[in-house]
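Notes follow the structure.
Rule-based calculations on the coordinates, nothing more; no lab input. What you see is a predicted model, and the numbers here were worked out from it, not measured in a lab. Positions of Cβ are backbone-derived with ideal geometry, glycine not excepted, and every protein chain shown enters the neighbour counts.
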Amino acid sequence: MKRALQVLLFTAFSAATLPVLAQHLAAINQQGSGGTATINQVMGIAPFEASITQGPGTGSDAAILQDGIDLHATINQTGDGQHAHVVQVADGARATVTQTGSDNTASVEQRAVSAIANVVQLGSANEASIFQNGRTLRADVTQTGMGNSVRVTQDTLMSQRVSVEQHGSNNRGDVALDGPDGNSAALVQAGTDNLAMIRGTGLLAVIDQEGAGNMGDISLDGAGSQGTIRQRGTANRASIISVGDNNLAIVRQGGQNNLAIINQNGSGLVAAITQNTVSPGVGNVASITQR
């Protein structure tokens with residue numbers, strides 16, 4: 001009777017614990033030469049899921065660190081010299097990195113509850129970095145081409161979204177958002193040597209660049225404000241600085257070597273600059289100041 005009771009208790013214990021343990025999943029699949037793959041799961045509350053797939057290719061490295069509750073991370077690498085690191089110290093985070101080509105670098109650090117981060121790199125020598133701290137954040141980065149780089153920083157209480165697309169070569173982007181709930185940013189670059197910076201607490205910031213050597217900068221400091229820069233052509237420069245609530249600023253320009261500046265300090269302000277969107281032009285300067 002005692003033996004039967006022991007067997008019964010062991011069976012009941014196993015049935016209760018195995019499903020939980022089975023939800024901590026880690027898988028590595030390497031095809032190629034000289035690859036390094038590491039998964040480190042600090043056993044929290046299930047489920048944890050982590051997978052790394054490398055190859056075919058040579059000399060790639062990938063690492064995943066998970067510490068929290070209900071975490072999922074996936075790294076897929078094809079090609080040579082790829083580098084991808086994912087750190088999840090949070091609850092309910094999801095991260096995916098996909099790399100095809102050579103010498104791409106991706107870094108994702110999630111210290112946010114229910115955060116989502118996706119990085120897709122197709123080409124060579126692209127760099128992407130995502131840092132998330134807060135709640136219900138999302139960042140999506142897509143890079144195609146060569147030598148593009150972007151850094152995304154999300155530091156807010158909740159409900160924030162960033163989308164970045166870079167197509168071409170040697171484009172640079174930096175997006176840093178904080179502040180109230182519900183703000184978002186979008187950055188699209190196509191061409192070569194374009195530079196864009198977005199930062200602040202506004203509701204919506206958009207930079208769309210196509211061409212070569214264009215520069216765009218948006219800084220929003222206030223609730224409900226929106227800023228948009230759209231550039232086509234070569235070596236155009238645009239800057240929006242808005243301090244206050246519920247402001248709107250828009251810059252559209254084409255051609256070459258044009259300059260557009262909008263400065264707002266107050267609330268409920270609206271400003272727009274349009275240069276050379278119908279016919280090409282060179283060297284125009286436009287400035288709006290609102291106080």
Estimated FRET transfer efficiency when R0 is 51 angstrom, pair residue 157-residue 31 (beta carbons, to 0.05): 0.75
222 nm mean residue ellipticity, helices alone, for the chain (DSSP H n ≥ 4; -39,500 (n - 2.57); rounded to 500): -2500 deg cm²/dmol
Helix 2-22 axis, angle to the chain major axis (alpha carbon atoms, nearest 10°): 20
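Taking the Cβ of residue 84 as the centre, find all other residues whose Cβ is under 13 Å away and add up their charges (Lys, Arg: +1; Asp, Glu: -1). Before the final figure, lay out the partial values.
Values: positive: none; negative: 61, 103, 109, 127.
Computed value for this residue: -4.
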Using θ = phi - 60° and Karplus 6.51 cos²θ - 1.76 cosθ + 1.60, couplings along the stretch 239-254 (whole Hz; Gly, Pro as x): 9, 10, 10, 10, 10, x, 9, 6, 8, 9, 9, 9, 10, 10, 8, x
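What does the net charge come to around residue 197 if you take all other residues with beta carbon closer than 11 Å to its beta carbon, with K and R at +1 and D and E at -1?
Numbers: positive: 151, 172, 199; negative: 174, 217.
Overall, the nearby charge balance is +1.
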Label-point separation, residue 270 to residue 45 (7 Å along Cα→Cβ), nm: 4.9
Overall dimensions of the chain by Cα: Rg and Dmax, Å: 23.5, 95
Within-13-Å neighbourhood charge of residue 225 [Cβ basis; K, R +1; D, E -1]: -1
